[in-house]
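Undergrad: Quick one: this structure, given as structure tokens, is what I'll be asking you about.
The values are calculated or read from the model by the stated rules, or taken from the named source; none is laboratory data. Here the structure is a predicted model, which means the values were calculated and not measured. Neighbour counts run over all protein chains shown; Cβ positions are idealised from the backbone, glycine included. What goes into the accessible areas is simple: the full protein's heavy atoms, side chains included, and nothing from ligands, DNA or RNA. Shrake-Rupley method; radii C 1.70, N 1.55, O 1.52, S 1.80 Å.
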Amino acid sequence: MYDVIIIGAGPAGISAGLYTIRANLKVLILYKDQSALEKTDRIENYYGFEKGISGQDLYEAGIKQAKNLGVEVKKEEVTNIQFGENNQYTVMTENQNYNTKTVIFATGNKKNIPKIKGIKEFEGKGISYCAVCDGFFYKNKDIAVLGNGRYAISETNALIHIANHITILTDGEKPPEIRAENVDIDTRKIREIKGDKKIEEIEFEDSTKMKTDGLFVALGVAGSNEFAKKLGILTQKDRIVVNENMETNIPGIYACGDCTGGLLQVSKAVYEGAKAGLQAIRYLRK
Amino acid sequence: MSVLKFDEGNFEEEVLKEKGKVLVDFYADWCGPCRMMSPIIDEIAEEMGESVKVGKINVDNNQELAIKYDVMSIPTIMVFENGNPIKTFIGVTDKNEVLEVLK
């Protein structure tokens, strides 16, 4: 059982890790995707580096610093988070489940909403971002999952015993490895999602079509938005809504850094990570 | 006003025949996000007092209603007026966004 699991190893996640580990808590940081910081060529507006510093160097130094203080840092992709007993949470990665008392999201501001015509229009009308929440409505139906990574497989697995048939649509990307009787893979590129009141068919770039009752979007690595939908965290314009203490609407769940919107700056991420960490400490000591 | 329980048996009387606005929360017990929406619905009911009827529909027990109103994701919050749905919110929604439609 962890006290704190932080998702994301950029400046917000690491900062939250530094504060919580120094309070003698059991802390785990899970990360998978590249941090925006890692991709930044040079940081010249952050305190204390007279000649500036490369984003990559600052990012790697942060992870080392957290490890040196005793934070467990693991490169594992989080595919699901569920409510457990007694206000605890289970964070699931490809191979492992971790139980924790608090979760801090520091997942950055990457959005996994594909630019496909019709995708916004049919949200909640056959397009879903959460298999465990909405699978119920697709009992014995023919549905599709959009994506090709571990997260797409995880969502497909949650639907396998509910739906009649699932087609994994990779939208031109390479097919994932999955074997199940009622699952097919289709790599055609998608042009448009069509329907009247709700989704009815998917049209591909080659003008061929496929009928479907629903489409579950599970692109790339799941981020704050996907987990927000699964848990019921309030979002506004795809950003997690937090108060001044980085608390979400769910007790024990915090968010910090780019996923809360505002300035996309290291200084803001570091501040919010500290604040989220301190608030988690206060919550755990109650 | 306290939050009511709507079902296939009382839906016509409680929602469709109601002249004013009615807030309907489609939910299920197993749905995590619905549990997060629940206290928000309670607050809305309290704030709106007698002016708006607020109720919940368990989709497990009332699948026909869910199908009739094309509910394919929960929580779904629907506002009815004179028996017709005038606004739908899908997913956990900010209290003030819902209140704006009710006022």
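Undergrad: Report, ordered by the first and then the second residue, all pairs with beta carbons closer than 6 Å, sequence separation of six or more or different chains, a first member in the stretch B:76-102 that is within 11 Å of another protein chain (Cβ to nearest Cβ), and a second member that is open to solvent by less than 10 Å² (accessible area, probe 1.4 Å) and small (Gly, Ala, Ser).
TA: B:ILE90/A:GLY124; B:VAL92/A:GLY232
Undergrad: Further question on the same structure: All but one of (1) in contact (Cβ under 8 Å) with a residue 60 or more places away in the chain; (2) touching a Lys or Arg at 6+ places or on another chain (Cβ under 7 Å) hold for A:ASP171, so report the exception by its number.
TA: (1)
Undergrad: Across the stretch B:70-90, which residue is surrounded by the fewest Cβ atoms within 10 Å (Cβ to Cβ) among those that are more than 12 Å from the chain's Cα centre (by Cα) and farther than 18 Å from B:GLY20 by Cβ?
TA: Taking the candidates together, the pick is B:ASP70.
Undergrad: Sticking with this one: Give the residues of the stretch A:68-81 that are touching a residue at least 12 places away in the same chain (Cβ under 8 Å) and either within 14 Å of another protein chain (Cβ to nearest Cβ) or not in a loop (DSSP other than H, G, I, E, B) (or both), sorted by residue number.
TA: Hits for the stretch A:68-81 are A:GLU72, A:VAL73, A:LYS74, A:LYS75, A:VAL78, A:THR79, A:ASN80, A:ILE81.
This table checks each residue for (1) open to solvent by less than 10 Å² (accessible area, probe 1.4 Å); (2) touching a Leu at 6+ places or on another chain (Cβ under 6 Å); (3) part of a strand (DSSP E or B); (4) without any contact (Cβ under 8 Å) to a residue 12 or more places away in the chain.
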{"position": "A:ILE193", "(1), (2), (3), (4)": "yes, no, yes, no"}
{"position": "A:LYS197", "(1), (2), (3), (4)": "no, no, no, no"}
{"position": "A:GLU201", "(1), (2), (3), (4)": "no, no, yes, yes"}
{"position": "A:PHE216", "(1), (2), (3), (4)": "yes, no, yes, no"}
{"position": "A:ALA228", "(1), (2), (3), (4)": "yes, no, no, no"}
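Undergrad: Further question: Go through A:LYS230, A:LYS189, A:LYS194, A:LYS211 for me and flag whichever is under 30 Å from A:ILE281 (Cβ atoms) and basic (Lys, Arg).
TA: From the options A:LYS230, A:LYS189, A:LYS194, A:LYS211, the qualifying one is A:LYS230.
Yes or no, residue by residue, for (1) touching a helix residue (DSSP H, G or I) at 6+ places or on another chain (Cβ under 8 Å); (2) closer than 19 Å to A:CYS259 by Cα; (3) outside any loop (DSSP other than H, G, I, E, B):
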| residue | (1), (2), (3) |
| --- | --- |
| A:GLU38 | yes, yes, no |
| A:GLU50 | no, no, no |
| A:ASP57 | no, no, yes |
| A:ALA61 | no, no, yes |
| A:GLN65 | yes, no, yes |
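Undergrad: Would you pick out the residues in the stretch B:1-32 that are open to solvent by less than 50 Å² (accessible area, probe 1.4 Å) and assigned to a strand (DSSP E or B)?
TA: Correct list: B:LYS21, B:VAL22, B:LEU23, B:VAL24, B:ASP25, B:PHE26, B:TYR27.
Undergrad: Could I ask something else about it? Given the criterion on the phi > 0 side of the Ramachandran plot and either touching a residue at least 12 places away in the same chain (Cβ under 8 Å) or in contact with a Lys or Arg (Cβ under 9 Å, 6 or more places away or on another chain) (or both), identify the matching residue among A:GLY52, A:GLY17, A:GLY84.
TA: None of the other options fit; the residue is A:GLY52.
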